[in-house]
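S.K.: If you scroll down you'll find the structure; I have some questions about it.
The values are calculated or read from the model by the stated rules, or taken from the named source; none is laboratory data. Note that the structure is a prediction, hence the values are computed from the model and not measured. Note that we place each Cβ from the backbone using ideal geometry, even for glycine, and neighbour counts take in every protein chain shown. Areas reflect the complete protein model, heavy atoms only, side chains present, ligands, DNA and RNA absent. Shrake-Rupley method; radii C 1.70, N 1.55, O 1.52, S 1.80 Å.
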Amino acid sequence: MKRRAMIIYCDNTPSGELYGPPQDKINYCNFLQNNLGGKWDSNEILPLPNPTSVEVLKEKNIFFKGADYSFIIFTGHGFLNIDDRNRQYVELLNDNIPITNLITTAKRQTMIIDACRGYYSPTKEMLKGLTESFEYFSGDPFSTREIFDRAVLRAEEGLTVLYAASKNQTALDTDNGAAYLLSLLRIAELWEDN
């Protein structure tokens, strides 16, 4: 299975500086490359610091070409665009884009949007697939990639989007990274411990 992850982290855009996004990039790169995160190879993860809209589109089209599974994380400023049917937008270095511009051609996709004023509407198929897969975990760290790949391939095709905040709410930025992303990582660690 060809998998790709893009981490778009924007700590210096027109709405102001944020402290958390660079730490989010570090936290997610570390998580994805360990056993619990699916043992991704470093060449399967593309960090994009403060990109322009042109850079995002270019990298999306090149990096995700032929991918079976795409995982996109955005951490930075965002908003609901009232003029565009309340669609969620993210703020890049030079432009605001709807998150629909981040959709890839992969049959299975996950997005985490850690930005203010989003909607929260995750599906449970990916989590269900991961739970069932770990029944087969033998404790061998080298099997982690295979377990992750099987879970993704068993999940329903389509796009799953996780939002850090409900409508008209803000997402919390901290020096250690975004509160939502830190919470997701902590839950994964607790799940592993149990």
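S.K.: For L80, indicate whether it is over 30 Å from E189 (Cα atoms) and touching a Gly at 6+ places or on another chain (Cβ under 8 Å).
M.R.: yes
S.K.: For the range 51-69: of the residues being buried (at least 17 other Cβ atoms within 10 Å of the Cβ) and closer than 24 Å to C116 by Cα, which is farthest from the chain's Cα centre (by Cα)?
M.R.: Per the stated criteria, the residue is P51.
S.K.: Do we have E91 as touching a His at 6+ places or on another chain (Cβ under 7 Å) and either of a type in the set (D, E) or within 20 Å of L162 (Cβ to Cβ) (or both) here?
M.R.: So E91 fits the description; yes.
S.K.: Just to be sure I understand the filter: pairs with C-beta atoms under 7 Å, separated by 6 or more residues or on different chains, first member in the range 3-26 and under 30 Å from E146 (Cα atoms), second member among the polar types (S, T, N, Q) and open to solvent by less than 10 Å² (accessible area, probe 1.4 Å). Which pairs pass?
M.R.: Going by the 7 Å Cβ cut-off, the qualifying pairs are R4/S70; Y9/T75; P21/T75; D24/T75.
S.K.: Looking only at residues that are open to solvent by 40 Å² or more (accessible area, probe 1.4 Å) and β-branched (V, I, T) in the range 160-183, which one is farthest from Q109 (Cα to Cα)?
M.R.: T174
S.K.: If you don't mind, there's one more thing I want to ask. Which residues, taken from the range 68-84, are modelled with pLDDT under 95 and in contact with a Ser or Thr (Cβ under 7 Å, 6 or more places away or on another chain)?
M.R.: G76, H77
S.K.: If a residue must be under 16 Å from F74 (Cβ atoms) and in contact (Cβ under 8 Å) with a residue 12 or more places away in the chain, how many such residues does the range 151-178 contain?
M.R.: 12
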